[in-house]
Structures are given as structure tokens and as C-alpha cells.
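Some notes on the structure that comes next.
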Amino acid sequence: MAKHVRTRRRDEKSSIGKRVLKILKWVGIGVGGILAVIVIGFLTVFYTPFFPKARTQYVLMTLHTSNPWLATFFFSQETIDKIVEDNRVEAPVGSTDTGMIKTNPPSDATTVGTTATGTAPAVSETPATVTTEATTVTTSRTTAGGYHVSTIYEDAGMDILQMKESGYVARLIRVKDPSRVKLGLCENFMVKGKYGEKLPNMCARVGAKAGINAGGFQDPGGRGSGNFPTYLCVKDYKILYADNQQKHNVIGFNKDNVLVLGQFTSEEIKANNIRDAVAFKPFLIINGEKAKFYGAAGGTDPRAAIGQTADGTVLLLTIDGRQLGMEGGSMRTITDIMWEYGAITAANLDGGSSTTMVLDGKLINKTCGPAGPRFLPNAWLVF
């Protein structure tokens with residue numbers, strides 16, 4: 001009797017083992033099939049002539065991340081160089097003519113952000129619901145340029161516009177008095193072993209009303225601490241960091257609160273009385289002249305930019321991207337928005353997962369990083 005029981009148990013265990021092996025076999029086949037489809041899909045997109053736009057977007061996007069090897073792993077340097085060349089941006093030459101910008105705040109505190117001709121952008125008003133709660137409003141309209149705009153914040157000297165377009169959502173802060181815009185630094189700026197600061201925390205700590213990210217930062221392999229800037233950082237007329245480049249792509253405000261763009265040496269930065277600055281590229285508009293764009297104009301990504309109108313109004317722009325249904329904007333996209341709102345000078349800032357906009361200590365854009373806003377060394381803040 002006991003022998004039969006043991007035999008039956010062995011048979012049951014053997015049967016269970018066979019069923020498990022059968023399940024594992026089919027799971028393996030399923031996983032293998034999925035991987036095969038993915039590999040074939042990648043090879044089809046990357047190495048056939050049928051998906052040139054997807055290939056271009058992949059290369060341009062990965063080159064703008066902390067892991068450019070994602071491009072070099074699949075493509076030769078020759079192929080990458082051709083894609084970059086065919087989709088380049090040629091920045092306007094020269095530097096800002098400071099005489100073109102009047103920075104004395106207008107006496108009329110009700111009009112924020114005029115165009116270079118001194119008139120507000122023409123809009124075609126559509127039926128709108130306006131809810132005034134503190135200083136928050138939501139007014140829907142379509143601009144002359146075809147943007148679908150809502151005012152999501154407004155006070156006497158600043159407003160924030162939101163544009164929901166195909167492939168991206170943009171937000172534009174307009175600050176009438178440029179003296180309110182200053183470069184903020186993280187609490188542990190350039191302190192080894194410490195981290196940068198997320199923008200909501202930075203704004204709350206220093207009492208800033210609003211802000212966006214500014215310059216780039218050292219980020220090897222996407223594991224940087226976020227508190228060491230790249231290229232250049234000027235604060236209160238002091239050059240806190242400058243790399244070994246002879247000239248820097250300066251994006252900064254001078255003593256008269258004019259947004260100055262140009263390639264300057266460290267001595268020229270001092271001579272031009274630059275109070276706050278970072279360095280980044282490309283310049284998008286200089287003295288009313290737009291950059292020239294080719295192909296995909298740098299590709300679509302989350303973007304950030306800064307500009308100024310002829311009446312001194314500062315424009316701070318972010319575009320969400322790298323998300324489902326929101327691929328982001330190109331350099332052409334952010335230039336066109338700046339142009340729509342009267343910028344005669346504008347420059348691209350650090351973008352990608354660093355793209356961040358804050359109001360009253362709260363994040364108001366949708367960042368693409370899995371951990372939310374990144375640690376930053378500096379930011380353009382509105383006080």
C-alpha cells in the first residue's frame with residue numbers, strides 16, 4: 001500500500017514538472033517571439049529607406065541626451081554627421097544691439113508683452129470661459145499665427161500663456177519689468193559631493209515667483225550631480241565658472257536689464273557689464289533676424305528658451321515632449337513662438353529632461369524624466 005502511494009506521488013510530481021516545463025517552454029517561445037519582432041522592427045526602421053523621419057528623430061534625440069552612444073551604437077559616425085548636417089540650425093551672426101530694446105517699464109501696468117512694433121499680437125477671440133480666482137484665469141483664443149492659447153496666470157506685471165498644439169504643449173511666461181528676472185543658483189553650487197537643486201525647491205527657498213531652467217550642467221552618463229554648470233555662469237557681474245573656450249555663447253542680462261546675446265571672451269563679458277548669464281546654443285533671433293533652419297531643425301524634444309521684446313518684456317518658454325502624444329518641438333517651433341510674441345532677441349536654453357517651469361513653488365509643466373524635475377545648477381527666476 002505504501003509503495004503504491006509513493007509511486008503515485010512520484011507520478012504526480014513528474015506530471016507537475018512536465019506541465020511547468022511546458023509552460024516555461026511556451027513562455028520562452030512567446031518572449032523570444034516578442035524580442036524577434038522588436039529586433040526586426042528596429043532593423044526595419046534603422047536600416048531600410050522606409051522610415052527616414054523616425055531614423056532622423058532617433059539620432060537627433062539621443063544625441064541631445066546624456067547617452068549619445070544610443071546613436072553611435074546603431075549608426076556610423078558618417079551617417080550621424082550627415083543627419084546632423086541635413087537638420088541643422090544656422091544662428092544669426094553678430095550680437096545684440098542694446099539700443100533696439102527699451103527696458104524702462106511702461107506706465108500702463110495692464111498690457112504685458114507687446115510685439116517689436118509696439119502693438120499687442122492680433123488675436124481672433126473665440127467664446128471663452130473666464131474664471132477669476134486670485135490671479136488665475138483661463139481665457140481661450142486663437143492668435144493670428146494659429147496658436148490655441150489660454151491665459152493660465154495673470155497679474156499686473158506678468159502673465160503665463162499655455163498653447164496646446166499638435167505634438168506639444170508650450171507655456172510662455174511674459175515679464176514686463178526685466179529687472180525682475182535674475183539668475184538663481186542652487187544651494188550647493190559647485191560643492192563637491194553635493195547635488196544641485198530642483199527648480200520648485202530653488203524658487204521656494206529664495207522667494208521667486210516663477211522660473212525656468214537655464215544653462216547646462218556636467219552630466220556624464222546621466223549620473224551628474226546637477227550642481228556643476230557647463231560652459232559659463234555669471235552671477236551679479238562675477239564670472240563664477242568659465243570653461244576653456246576662448247569665446248562663450250553668452251545669454252545674459254546687462255546692467256540695463258537688456259538680454260544680450262553674442263560670442264564674448266571673459267574680458268568682453270566684463271566690459272559689456274553682464275550681470276547674470278549662462279552659455280548655450282543656438283541663438284534663435286538676434287536684432288530681429290531669425291536663425292535659418294534646415295530639415296527637422298534639430299529634431300523634436302522638450303525645449304526651453306528665453307527672449308526679449310522691443311519694450312523690454314522678457315519671454316520665458318518651455319515645451320513639453322518625449323511623452324505619449326507629445327513629441328516636443330524643434331528649434332523652428334520655439335523660434336516661431338518667440339517671434340509670434342514679439343521677440344527681437346531669443347536663445348535656446350538647456351532642454352530635454354531638464355525642461356522645467358515653476359509658478360509659486362509648484363511645477364506647472366510636464367517633465368519627461370522618470371524621477372520628475374532634475375537637479376539643476378542654475379535657473380532664470382522671476383522675483
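Derivation of every value follows stated rules applied to the coordinates shown; laboratory data play no part. No experiment lies behind these values; they were computed from the predicted model shown. We place every Cβ from the backbone using ideal geometry, glycine too, and count neighbours over all the protein chains shown.
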Report the semi-axes of the equivalent ellipsoid for segment 258-383 in whole Å, largest first, where each axis is √(5λ) for an eigenvalue λ of the Cα gyration tensor. 24, 18, 14
extent check for segment 152-305: Cα max minus min per principal axis, descending, whole Å, gives 40, 38, 36
Diffing segment 187-198: the Karplus 3J(HN,Hα) column from phi (6.51, -1.76, 1.60, θ = phi - 60°), in whole Hz with x for Gly and Pro, holds 4, 10, 4, 6, 9, 4, x, 10, 10, x, 9, 6
Report, in listed order, any pair from LYS102/LYS292; LYS194/LYS281; LYS82/LYS164; LYS235/LYS281 with a Cα-Cα distance greater than 22 Å. LYS102/LYS292; LYS194/LYS281; LYS82/LYS164
Between LEU359 and residues 5 or more places away or on another chain, which pairs have amide H atoms under 5 Å apart, with H built 1.01 Å from N, and which residues are they? ILE364
Could you order the peptides 309-321, 192-204 from most to least packed, using the average number of other C-beta atoms within 10 Å per residue? 309-321, 192-204
Give me the distance in nm between label points sitting 7 Å out from Cα along the Cα-to-Cβ direction at LYS164 and ALA371, one decimal. 3.2
Give, in nm to one decimal, the length gained when the segment between SER66 and LEU240 is fully stretched (0.36 nm per residue of separation minus the Cα-Cα distance). 60.3 nm
From phi via Karplus (6.51, -1.76, 1.60), per-residue ³J(HN,Hα) for segment 362-367 in Hz, x at Gly/Pro: 10, 5, 10, 9, 10, 6
Sorted by packing (mean other beta-carbon atoms within 10 Å per residue), highest first, where do 298-304, 144-150, 285-291 land? 298-304, 285-291, 144-150
What is the set of long-range amide H partners of PHE217 at a cut-off below 5 Å, with H atoms built 1.01 Å from backbone N? THR230
In whole Å, what three semi-axes, largest first, describe the equivalent ellipsoid of segment 153-244 built from its Cα gyration tensor (square root of 5 times each eigenvalue)? 27, 18, 13
Per the Kirkwood definition applied to all pairs of different Cα atoms, how many angstroms is the hydrodynamic radius of segment 188-242? 12.3
Around HIS248, which amide H atoms from residues at least 5 apart in sequence, or from another chain, sit under 5 Å from its own amide H, with H modelled in the peptide plane? PHE264, THR265
Here segment 170-212 gives, from Cα atoms, an Rg and Dmax in Å of 12.4, 39
Restricting to Cα pairs below 8 Å that are 6+ residues apart, what does the relative contact order work out to for segment 261-326? Please round to a whole percent. 20
Magnitude of the charge dipole, segment 91-382, Cβ model with Lys/Arg +1 and Asp/Glu -1, debye to 20: 700
Kirkwood Rh, segment 91-382, all Cα pairs: how many Å? 18.9
